[in-house]
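See below for the structure under consideration.
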Amino acid sequence: MTSSPARPNYTLTLIATAFVLFWMVVAGFPFLWTTWGSFKVEADFFSRADWSNALSGVNTIRQTGDAFTMDGYKGAWILNDFWRAGLNTMLVTVVVTVLSLVLGTLGGYALARSGYRYAFWILILALVFRAMPHITLVSGYLVPFFQLNIWGTLPTAIIVLVAINQPFTLWMLHSFFLSIPKDLDESAMVDGCTRFQAFREVIVPVMWPGIITTGLFSFLLAYNDFAVTAMLLRQENQTMIPKIASFLGSIESEGNVMFAVSSVVSATVPLFILVMFFQRQIVGGLTAGAVKG
Amino acid sequence: MPHKAFAWFILPSALAMILFIALPLVSIVVQSLYIEHPQVLTQVESCSPFGGCTMETRVDAAATAALRDAQPLGRFNGLGTYFNRSHLATREIATILKDTDGIADSLRRIYQLPFYRALLFTLCYTAVVTPLGMLAGFWIALAVNRIPAVLKGPVIFVSLLPMIITPLIGSLVIYWMVNSRGILGNLLQWVTQDPTLSIAASGPLTWLTLFLYGIWIAAPFSFVVFYAGLQTVPQDTLESAMIDGANRWERVRFVIIPHLVPLATFVALVQLMDNFRVLEPIIGFNAQASATSLSFSIYNDLQAENGQLFASAAATSLLTIALLIVLLFPVLIRTWRDFSRKSAH
C-alpha cells in the first residue's frame, strides 16, 4: 500500500538523490574547507604552488612542527582582542533579542486584536520600513548621534538594532497572534482580568512557541548585522562582524590573513549550534510567515 | 480592541520606530540639502632668503574647524547634491547625449558615472539573483521531496547554512576559495589552462561570482518555503491529473506550480527587498573596482578617509528609497485592494 500517487520511479529518485547530494556539497563544503584551513598556516591554505598542500599541511609542518596549528586562533583571540568583540556580540545580541521580543509581543498583540483600519496602515508602514536598506538609515543617524554625543557606545547600537528589527518582529508576531483564538482573551476578561492581565497570564503562555521562533530571527538579525554595528560603534566597542571587517583592512596587508580566517570560523560556530538545536523552529518560522503572511 | 488599549500596547514599539526610523528619514532629507564647508583658505606671504617674497594660499585649519563646529550640517546647497556628478549627473548626461557616437558609446560613458554604475549593478543583481535563487530553491525542494526520509533531516540542516550565515562571513568564505590562491581559483586556472587567470582582475567574472554567491545564499530560503508548500499539495488533484493522463512534467506544471504561486509571491517580495540592499558581498569579495551597489556607495561615502560625505550619502539614500518605493508599488497597491475587498464585505 502506498500513499503516494506516483508509481515508484527509481531512475527519478536516483537523479533527485544525486542532485541533492550535489547541493549539499555546494552548501556545506565551503564551511568544512574553511574550518579545516583555519588550522593551517597561510602558505598552505592560500597555496600558490599546489592546492593539496592545504590537505597535507606541508608548510604547516615545516613552520610549526605539527599538521594542525592554533596560531590563527591565538593571533585573533589573544593578540588582536577578538575575545572582547565576542563579549560585545554576546551582550548586544542577548539584549537586542529580549528587548525586541518585549516591544514586539505588545505591539504584535495590539495589531492582531485591533479591527480598525489604522492597524492595517501601521503594518503597511512597517513593511516599507522593513524594505529600506539599513545603511540608508545609518546615514541619518551619524550627524544627530555626533551632536548628542551618543555615537560609538553599545547602548546606542542596541537601541538602534531593536528599532530596526521592530517591523519584522511586529509582522511575525502579529501573524502568530492571529492564530490564537480571540475567545481566549475575551473569556479571561469576562472572568475579571484587565486587558493587560489577559495578555500576560493567558495569551503569552500559549504564545511561547511563536515567541521562541521570532526570538531566533531577532537573534540572527542582531548577530548578522554589519551596516549598523560597523558604522555606529567605536573601535573598542566593536562586535565580531565589524571586527572581522577591520581585520581585512589591517591584517591582510601584514600577511596575517589567517587571523581573519580563524575569526570567521569562530563566528560561525554559534550559528552552527543554533541551527543544530532550533532547526525545526527556524523552518517553522520561515513557513509561518509565508503561509499566513 | 478599544483605541486607548491599542495605543498603550503599541506605544513602545511605535516610539522606537518613530525615533529611529522615521526621524532619521527626516534627518536624511535635511542632510541632503546641505553640503560640507569648503576649507577656509588664507593668503600668506612666505619669504625665502634668495627667492624673495611670494603670496601663498594655505588652508586655515583652525578657522575650518571652527566653521564646521558652528554649522555641523554645512552650508545650504538646495538640490545641488542630487544633480551633481556623483548622483544624477544631469549636466554630464546632457553632454554625453549631445556628442555621442551611437547608443553603445553613450551607455558606456553613462556607466562611468558613479551613481549609474551602482544603480546598474544593484538592478542587475536584484533581477538575476531573485528569480534564479527561487528557481534553484524550487528544484532543490522538488528533489528533496523525492529522496528517502532518513536523508531529509541532514539535508535541511546543511541547506540552511548559506542562508543563516552572516552575509559578510559567507562572502569571505567563498572569496577565499575563489581567490587566485584558493582551491576554486586554482581549479579554474587548471580547467582553463591559464595560470594567470584571476576572478578579481576581470569585471565580468566578478559580476558572475557575485551573482552565483547571491543565488547560493538566496536558494535555501525559497527551498524551505517551497518544501513546506509541497507537503500541502492536494493529493486527490494530483491523482485525478494522473488518471487524466498527465505526465510528471505536466503534473508539476499544472498542479504543483499553481499551488505554490501564492508562496512564490511572498518569497519574491522578501528576496527583492533583501537583494536590493546588497552590500556585504562587495566588501567581502573586495569587488568595488568592478561592482558597486547603491548601499555600497552610501557605505563608501560614510567611510571616506578625509571627512565623511554626509550630504552625498543622504542624497544617495533618498534616491535609493524612492526607487524602492517604485519597485514595491505594485505590492502595496495589491495589498490595499485585498484589504478594501475584505473590509467591504
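The spread of Cα positions in the protein assembly as shown, taken along each principal axis and listed from longest to shortest, comes to 107, 68, 59 Å. Rg over Rh for the range A:80-292 works out to 1.04, using Cα positions for both radii and the Kirkwood form for Rh. Pairwise Cα distances in the range A:1-140 exceed 18 Å for 79 percent of all pairs. The orientation-averaged projected area of the convex hull spanned by the Cα atoms of the range B:168-275 comes to 9.7 nm². With neighbour counts taken as other beta-carbon atoms within 10 Å, the residues B:98, A:182 rank, fewest first, as B:98, A:182. Estimated from helices alone, the mean residue ellipticity of chain A at 222 nm is -24500 deg cm²/dmol (sum of -39500 (n - 2.57) over DSSP H runs with n ≥ 4, per residue).
Dividing the helix sum by the residues of chain B, where each DSSP H run of 4 or more adds -39500 (n - 2.57), gives a mean residue ellipticity at 222 nm of -22500 deg cm²/dmol. Under a 5 Å amide H cut-off, with hydrogens placed 1.01 Å from N, residue B:37 pairs with B:75 among residues at least 5 apart or on other chains.
Taking Cα atoms only, the orientation of helix A:204-224 departs from the longest principal axis of chain A by about 40 degrees. Modelled spin labels at residue B:42 and residue A:9, positioned 7 Å past Cα toward Cβ, are 8.5 nm from each other. In this structure the amide hydrogen of residue A:132, modeled in the peptide plane, comes within under 5 Å of no amide hydrogen from residues 5 or more places off or on another chain. Taking only the alpha carbons of the range B:1-145, we obtain Rg and Dmax values of 26.8, 89 Å in that order.
Applying 1/(1 + (r/R0)^6) with R0 = 30 Å to the Cβ-Cβ distance of residue B:103 and residue B:268 gives a FRET efficiency near 0.45. For chain A, the relative contact order comes to 25 percent (Cα pairs under 8 Å, sequence separation of at least 6). Cβ-to-Cβ counts within 10 Å put B:3, B:37, A:174 in ascending order as B:3, B:37, A:174, the fewest first.
Relative to the Cα centre, the charge distribution of the range B:128-290, modelled as +1 at Lys and Arg Cβ and -1 at Asp and Glu Cβ, gives a dipole magnitude of about 180 debye.
Enumerate cysteines in chain B without a disulfide-compatible partner, where compatibility requires another Cys Cβ under 4.7 angstrom. So, B:124.
For the range A:125-250, the fraction of alpha-carbon pairs lying more than 20 Å apart is 57 percent, rounded to a whole number. Entry note: the range B:143-204 has Rg to Rh equal to 1.17, where both radii use alpha-carbon atoms and Rh is the Kirkwood radius. Over all projection directions, the Cα-based convex hull of the range A:10-69 averages an area of 5.0 nm². Can you tell which of B:179, B:275, B:247 shows the greatest fluctuation in a Gaussian network model of chain B with Cα springs below 10 Å? Per the Cα network of chain B with a 10 Å cutoff, B:247 tops the list. Taking θ as phi - 60° and the Karplus parameters 6.51, -1.76 and 1.60, the scalar couplings of the range B:186-194 work out to 4, 4, 4, 5, 5, 5, 8, 6, 10 Hz in sequence order, x denoting glycine and proline. Expressed as a fraction of 2.2 N^0.38 Å, the value expected for a compact globular protein of N residues, the C-alpha radius of gyration of the range A:125-192 is 1.65.
If only the Cβ of Lys and Arg carry +1 and only the Cβ of Asp and Glu carry -1, the dipole of the protein assembly as shown around its Cα centre is close to 1380 debye. Only alpha carbons enter this Debye calculation for the range A:197-290, each as an equal point scatterer, and the log10 of I(q)/I(0) it gives at q = 0.21, 0.25 Å⁻¹ is -1.04, -1.21. Largest mean-square fluctuation among A:14, A:220, A:154, in a Gaussian network model of chain A whose springs join Cα atoms under 10 Å apart, belongs to A:14. Of B:116, B:111, B:299, the sequence from fewest to most neighbouring Cβ atoms within 10 angstrom is B:111, B:116, B:299. Between residue A:48 and residue B:208, take the C-beta separation as r, use R0 = 22 Å, and let me know the FRET efficiency to the nearest 0.05. In this case the efficiency is close to 0.40. Taking label points 7 Å from Cα along the Cα-to-Cβ direction, residue B:124 and residue A:189 give a separation of 5.6 nm.
With only the Cα atoms considered, chain B has a convex hull volume of 303 Å³ per residue. With the simple model of a label 7 Å out from the Cα in the direction of the Cβ, residue B:151 to residue B:303 spans 4.1 nm. Derived scalar couplings between HN and Hα for the range B:54-69 equal 10, 8, 10, 9, 10, 7, 8, 4, 5, 5, 4, 5, 5, 5, 5, 5 Hz in order, rounded to whole Hz, by the Karplus curve 6.51 cos²θ - 1.76 cosθ + 1.60 (θ = phi - 60°), x for Gly and Pro.
Any read-out appearing in this document is the output of simple, stated calculations on the displayed coordinates, not a laboratory observation. Computed from a predicted model, the values in this text were never measured in an experiment. Note that each Cβ is placed from the backbone with ideal geometry, even for glycine, and that neighbours are counted across all protein chains shown.
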